[in-house]
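Reviewing the structure listed below.
Computed from the coordinates by the stated procedures, all read-outs in this text should not be read as laboratory data. As the structure is a computational prediction, the values presented were derived from the model and not from experiment. FYI the Cβ positions are ideal-geometry reconstructions off the backbone, even for glycines, and counts take in every protein chain you see.
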Amino acid sequence: MGVHPPETGAVSTDGSGPINGATVSMTHLVSARLFFYLYQQVSHAESMKIQSITSDLFYIPLPEVLTDSTHGVMEHFALVTVRIRDNQGLEGLGYTYTVGKTGGAAILSMLEYDIKRLLLGEDPNEIDRIFDKLWWALHYVGRGGIASFAISAVDIALWDLKSKRANQPLWKFLGGVDDQVKAYAGGIDLQLPIDRLEAQTQENLDRGFRAIKMKVGRDKLEEDVKRVAAMRDFLGPDLPLMVDANMRWSVNQATEAAKAFADYNIYWLEEPVIPEDFQGHRRVLAEGGIPIASGENLHTIYEFEKLITAGGVSYPEPDVANVGGITIWRKVAQMAEQAGLPVTSHGVHDLHVHLLAAAPNASFLEAHGFGLERFLEYPLQIEEGFATAPSRTGHGVCLDWDALEHHRGPNLN
Ligand SMILES: [Mg+2]
């Protein structure tokens, strides 16, 4: 850009002539240093390049076996990490995950064989352009699915890198609204007997949560109603209680369930039907009488647009690790805001706490990390119902790579 550092023979800022050594003021020194600093910033920005990309797959055993109405018994989750290093030695971390071990190796494969070569040499500051480049390069096999997971991990790493470079925590870099984010404990507890359900809930209340989500979608609706009634009784009349059906029902079944739950002051019913049935969502919302949350299984901005414009959701619930990263998560949040809706989140709470802290229409943060906290230097803390967005630069997630090494997935080679 033709910007040059100041020459040593400085000229006074009022134009009155050369400055003698004895008359150099602090103001001139500061001005010169500021100019040189700005020069460095501009020249750095000009020459910034992605120098290396490292992607890894880990199969993380869950602390306890989990069950929901669709995914059945879960013993592991697959964690795919992406580390992007620029030519000045700064590194950004992104990650995504899948339920069980399914798909983890495919995501890693796409990162290694397709995405890596598309990223090397790119300017990591140009996140929107990189998103478009990846989206269209992978379009034929993508438009959601594995490609959205892989792009998400890359996009998160780029935003981490960019906010680190700006020396700001991610939530402030994104516009910063409030570092206090209300959070709920997302239980995966469909098969727990009621006494264990209540014991788990008490543990979550003791940890600082003041809102709880439980699974529904058992074989008989009356079993669900009995469990929801017991939970409402346990929590008292006002503490927010969400229920999550994990796409188990038909529209008619979901509507019947929503009506049955309406007596128990349910904050939202989550994923009542399959994610692609936007009109079905609308019907369940209109006829069931309780708010609907949905979106963890929508992996493109276009699907969210259809769901929101169909009037099928009260709480859009994008997951930054599968919707296309921070770039698309924010677009969904803005789309929700324009429709007068709050936005919530799914999984990866260490990332979503930043995004909700930067969203003027933030609803609850789902806190449930599949036990990833065992591998984090700074696990999320909850106090009196709120999580605090970290003040470390970037997203501030520091993984214990040595501990993860014990859980490394298959080598693609
Ligand atoms: Mg859910």
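Defining a contact as two alpha carbons under 8 Å apart and six or more residues distant in sequence, what relative contact order in percent does the chain show?
17
Antiparallel versus total DSSP beta bridges in the chain: what percent is that, nearest 5? Could the numbers behind the result be given before it?
Details: 30 of 49 bridges.
Bridges in the chain are about 60 percent antiparallel.
What FRET efficiency do you get for residue 250 and residue 67 if R0 is 22 Å and r is their Cβ-Cβ distance, rounded to the nearest 0.05?
FRET efficiency, residue 250 to residue 67: 0.55.
Please give the calculated 222 nm ellipticity per residue for the chain, where each DSSP H segment of at least 4 residues contributes -39500 (n - 2.57) and the sum is spread over every residue; nearest 500 deg cm²/dmol?
It lands at -11500 deg cm²/dmol.
Multiply the residue gap between residue 168 and residue 259 by 0.36 nm, knock off their C-alpha separation, and tell me the result in nm, one decimal place.
Fully extending the segment from residue 168 to residue 259 adds 28.1 nm.
Under 8 Å for C-alpha pairs, at least 6 residues apart: give me the relative contact order for the stretch 62-194, rounded to a whole percent.
Working: 158 pairs, mean separation 38.6, N = 133.
For the stretch 62-194, the relative contact order is 29 percent.
If each residue's Cβ is checked for other Cβ atoms within 10 Å, how do 119, 365 rank with the fewest at the top?
The order, fewest Cβ neighbours first, is 119, 365.
Quick one: if you stick a label point 7 Å off each Cα along the C-beta vector at residue 75 and residue 118, how many nm between them?
For the pair residue 75/residue 118, the computed spacing is 3.5 nm.
For the stretch 45-87, what does the relative contact order come out to in percent, with C-alpha contacts under 8 Å and a separation of six or more?
53
Between residue 219 and residue 141, with labels modelled 7 Å along Cα→Cβ, what's the label distance in nm to one decimal, could you check?
4.1
With 41 Å as the cut-off, how large is the P(r) tail for the chain, expressed as percent of Cα-Cα pairs?
22
Round to the nearest 0.05 the FRET efficiency obtained for residue 199 and residue 233 when R0 = 22 Å and r is the Cβ-Cβ distance.
FRET efficiency, residue 199 to residue 233: 0.90.
R0 = 22 Å: FRET efficiency of residue 128 with residue 392, Cβ-based, nearest 0.05?
So, using R0 = 22 Å, E works out to roughly 0.30.
Expressed in nm to one decimal, what extension gain is obtained for the pair residue 306 and residue 376 from 0.36 nm per residue of sequence separation less their Cα-Cα distance?
21.6 nm
Which order do the peptides 211-220, 333-342 take when ranked by the mean count of other beta-carbon atoms within 10 Å per residue, highest first?
Most protected by this proxy first, the peptides run 211-220, 333-342.
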